[in-house]
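A.B. asks: Below are the structure tokens for one structure; questions will follow.
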Amino acid sequence: MQKDISLGNKHRAKKLAIKRQKKVIQLFNNLMTSGFNLTEILTFLERSQLLEDSYTQRMRQVLLNGQGLPEMMSQLGFSDSVVTQLSLADVHGNTHQSLQKIESYLAHLTLVRKKVIEVTTYPFCLLTFLVLIMLGLKNYLLPQLDGKGNAASLIINHFPMIFLAGTALLLISILLLTLIARHLSPILLYSRLAKLPFLGHLVRLYLTAYYAREWGNLMGQGVELVAIVRLMQEQKSKLFQAIGRDMEEGLLAGRTFHEKVLDYPFFLRELSLMIEYGEVKSKLGSELEIYAEETWEKFFTRMTQATQLIQPLVFLLVAVMIVLIYAAMLLPMYQSMEVLS
């Protein structure tokens, strides 16, 4: 059994960017496939200078402490979910496959982040430019026009303050929610997240795919369910630990695996059905792996669709602001023409 993979050393190197994490995983996968062991891979990294000395020194210390690949990735700043996958790979023995799946996950994540940056950068710059225009209209043009009574002028007068106050409120809300989330149990936190509109479905897709894949890998290698739930309690991920403890209590109380999975609202209901079907067919490991791959595809498809919605929404807001600017400038002129006529 693997012991807790967290390290005693709290002073960690700066976290690698997602793009560099993908390259590191790809390099480890290629070298391991070629027969390199961890010591040889680390020597290669030190000589090639593909990673800064601060990273390779910490990785070397991991080896000197008698630890392995999961601890190395933890020192490089990989997420708990990735570190947990590598720790479980030490148990089911299919490290090559786990590295391939992690590489694929990071590649998809990089594409999604790149897409988000692409679709938000130009609208954000345009939105900022329009806010500056509104400030100029408010301070220089509108005071010279007799348009204080129309709605467009009122909105332009107050919009910069509303925009800044809204942004500050959003940041404060995120900070407060983050602090509150730290004091909730992982199961309760993700249960609440799974009930949120839109975001909840993404949470359910991600967690279902992630756990189905890891359970499928372990069961496919013949690891018993009792051993799996105990192993879960020894991993770094807090949610993994909490589910492991809760499942162990449920199994000791006489509940079946698929019944217990159905208790968690952050899993898709289909996961419980797949587990029940796989148990009947005695092919639970392979069934879960296939289902996990399909669910991962759905997750990244939904993420891509979400990024495509960002730009139209921002452009709609920009269009409304442009209409308001024209209204604020032209309505007073039309009112003055009516008075003269």
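The values are calculated or read from the model by the stated rules, or taken from the named source; none is laboratory data. In this text the structure is predicted, and so the values were computed from the model without any measurement. FYI the Cβ positions are ideal-geometry reconstructions off the backbone, even for glycines, and counts take in every protein chain you see.
A.B. asks: From G216, G254, which residue is on the phi > 0 side of the Ramachandran plot and either surrounded by 17 or more Cβ atoms within 10 Å (Cβ to Cβ) or not β-branched (V, I, T) (or both)?
C.D. replies: Within the list G216, G254, the selection yields G254.
A.B. asks: Let me ask something additional. Regarding L309, is this residue part of a helix (DSSP H, G or I) and either within 30 Å of R230 (Cβ to Cβ) or not assigned by TED's automatic domain parsing to the domain that holds T128 (or both)?
C.D. replies: No; evaluated as a whole, the condition is false for this residue.
A.B. asks: Report whether or not Q100 is crowded, with 18+ Cβ neighbours inside 10 Å and in the same structural domain as A306 (by TED's automatic domain parsing).
C.D. replies: Criteria not met by Q100.
A.B. asks: Mind checking which residues of region 245-258 are part of a helix (DSSP H, G or I) and either of a type in the set (V, I, T) or under 14 Å from W215 (Cα atoms) (or both)?
C.D. replies: Scanning region 245-258 gives M247, F257, H258.
A.B. asks: While we're on this one: Applying the selection to region 48-86, what residues are without any contact (Cβ under 8 Å) to a residue 24 or more places away in the chain and among the hydroxyl-bearing types (S, T, Y)?
C.D. replies: Within region 48-86, S48, T56, S79 qualify.
A.B. asks: Condition first: over 14 Å from L205 (Cα atoms), buried (at least 20 other Cβ atoms within 10 Å of the Cβ) and at pLDDT 90 or above. Now tell me which residues in region 258-311 satisfy that.
C.D. replies: K260, V261
A.B. asks: When you scan region 70-81, how many residues do you find that are farther than 18 Å from D53 by Cα and surrounded by fewer than 23 Cβ atoms within 10 Å (Cβ to Cβ)?
C.D. replies: The total comes to 3.
A.B. asks: Out of region 259-289, which residues are without any contact (Cβ under 8 Å) to a residue 12 or more places away in the chain and either at positive phi or part of a helix (DSSP H, G or I) (or both)?
C.D. replies: Within region 259-289, R269, Y277, G278, V280, K281, S282 meet the criteria.
A.B. asks: Going by what's in this entry, would V280 be described as in the same structural domain as L106 (by TED's automatic domain parsing), under 29 Å from the mean Cα position of the chain (by Cα) and of a type in the set (A, V, I, L, M, F, W, C)?
C.D. replies: For V280, the condition - in the same structural domain as L106 (by TED's automatic domain parsing), under 29 Å from the mean Cα position of the chain (by Cα) and of a type in the set (A, V, I, L, M, F, W, C) - is not met.
A.B. asks: Examine region 232-250 for a residue that is under 27 Å from L188 (Cβ atoms), touching a residue at least 60 places away in the same chain (Cβ under 8 Å) and acidic (D, E), and state whether such a residue exists.
C.D. replies: The answer is yes; a qualifying residue exists.
A.B. asks: In region 234-251, is there at least one residue being touching a Ser or Thr at 6+ places or on another chain (Cβ under 6 Å), hydroxyl-bearing (S, T, Y) and at pLDDT 85 or above?
C.D. replies: No: region 234-251 contains no residue that is touching a Ser or Thr at 6+ places or on another chain (Cβ under 6 Å), hydroxyl-bearing (S, T, Y) and at pLDDT 85 or above.
A.B. asks: Considering only region 223-251, how many residues are crowded, with 17+ Cβ neighbours inside 10 Å, aliphatic (A, V, I, L, M) and more than 17 Å from V91 (Cβ to Cβ)?
C.D. replies: Of the residues in that region, 2 qualify.
A.B. asks: Of everything in region 10-44, what is within 19 Å of N65 (Cα to Cα), at pLDDT 75 or above and not acidic (D, E)? Give them in sequence order.
C.D. replies: N37, L38, T39, I41, L42, T43
A.B. asks: Consider L7 carefully, then state whether it is surrounded by 15 or more Cβ atoms within 10 Å (Cβ to Cβ), modelled with pLDDT of 85 or more and farther than 29 Å from V112 by Cα.
C.D. replies: no
A.B. asks: Tell me whether region 167-176 contains one or more residues that are modelled with pLDDT under 85, surrounded by fewer than 16 Cβ atoms within 10 Å (Cβ to Cβ) and part of a helix (DSSP H, G or I).
C.D. replies: Within region 167-176 (the criterion being modelled with pLDDT under 85, surrounded by fewer than 16 Cβ atoms within 10 Å (Cβ to Cβ) and part of a helix (DSSP H, G or I)), the answer is yes, since at least one residue qualifies.
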